[in-house]
Amino acid sequence: MKKLLFTLLCVLGLTSCANAQKQLTEKNKKTLVTYFSATGTTKAVAERLAKAAGADIFEIEPAQRYTDADLDWRNKQSRSSLEMSDKKSRPAIKQKCDKMAQYDVVYIGFPIWWNTAPTIVNTFIESHDLKGKTVIFFATSGSSSIDNSEKEFQAAYPDLNWKKGKLLNSASDKVLSDFVNEK
């Protein structure tokens with residue numbers, strides 16, 4: 001009976017140690033929250049997400065800032081309309097994230113434009129080596145879901161380690177914390 005009890009305690013102890021080690025390993029992963037925000041909405045979510053994840057933050061900045069006229073989705077000749085109508089469009093970014101190699105997990109945030117991510121997000125992805133990293137999208141939108149964006153990115157970059165993303169409009173601190181802890 002004593003041997004059985006001792007064996008049971010050892011097994012429980014090892015299981016507990018393995019779970020603690022897994023949690024410690026997950027917490028030690030270096031995380032980056034990167035985002036593109038034309039109006040500040042996605043930026044606000046990204047800053048709160050970075051805090052919830054204990055992550056560094058990096059803004060995907062266009063080499064040429066978007067003006068209100070550039071963002072006029074009703075004007076088919078506006079900069080954003082032209083970029084989004086050309087799937088090969090890759091707007092230039094101001095700078096790359098020089099420290100990308102140090103991150104294990106990369107959250108990429110963006111507003112939904114024309115039911116998908118702005119093409120500048122493709123510029124960011126193609127400008128950085130994300131292989132071996134966990135990549136998780138988050139987005140903001142007035143009416144669209146993130147599903148189409150995820151499908152398009154997974155088809156365009158099948159070699160990346162994708163995790164399910166989330167639309168984070170007006171997300172509470174608890175929602176952000178739960179989103180981080182799901183990964």
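Structure data summary
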item	result
Sequence of D70, D56, D98 from largest to smallest accessible area, 1.4 Å probe	D98, D56, D70
Placed amide H near F58: partners under 5 Å, 5+ positions off or other chain	V33, T34, Y35
Sites D98 and E152, calculated FRET efficiency, Cβ-Cβ separation with R0 25 Å, nearest 0.05	0.35
Charge context of K51, other residues only, Cβ under 14 angstrom, K/R +1, D/E -1	0
Pairwise label distance in nanometres, K163 with K51, each label 7 Å out on the Cα-Cβ vector	2.1 nm
Per residue solvent-accessible surface (Å²) - segment 42-104, probe of 1.4 Å	65 Å²
HN-Hα J in Hz across segment 85-93 - Karplus 6.51, -1.76, 1.60, θ = phi - 60°, x for Gly and Pro	7, 10, 4, 8, 4, 9, x, 5, 9
Nonlocal amide H pairs with G165, under 5 Å, H built at 1.01 Å	F137
Value of Rg to Rh for segment 56-115 (Rh from inverse mean 1/r over Cα pairs, i.e. Kirkwood)	1.03
Distant-in-sequence amide H partners of H128 (H built 1.01 Å from N, under 5 Å)	none
Accessible heavy-atom area order of L82, L176, highest first, probe of 1.4 Å	L82, L176
Considering only segment 28-183, percent of DSSP beta bridges that pair antiparallel, nearest 5	10 percent
Label-point gap, in nm, between E126 and N75 - each point 7 angstrom along Cα→Cβ	2.6 nm
Between segment 71-103 and segment 145-175, the alpha-carbon center distance in angstrom	18 Å
Percentage relative contact order, segment 54-183, counting C-alpha pairs under 8 Å, at least six apart	20 percent
Farthest toward positive dipole pole in segment 68-183 [+1 Lys/Arg, -1 Asp/Glu at C-beta], among P118, F153, N75	F153
Accessible area per residue in Å² at 1.4 Å probe, computed on segment 113-157	38 Å²
Under 13 Å from the S89 label point (7 Å along Cα→beta-carbon), backbone N, segment 99-119	113-119
Which listed pairs, of K133/K163; K96/K164; K29/K51; K30/K99; K87/K166, have C-alpha distances above 18 Å, in listed order	K96/K164; K87/K166
Cα gyration tensor shape for segment 97-180, rounded if a/c is under 1.5, else prolate or oblate	oblate
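The values are calculated or read from the model by the stated rules, or taken from the named source; none is laboratory data. What you see is a predicted model, and the numbers here were worked out from it, not measured in a lab. We place every Cβ from the backbone using ideal geometry, glycine too, and count neighbours over all the protein chains shown. What goes into the accessible areas is simple: the full protein's heavy atoms, side chains included, and nothing from ligands, DNA or RNA. Shrake-Rupley method; radii C 1.70, N 1.55, O 1.52, S 1.80 Å.
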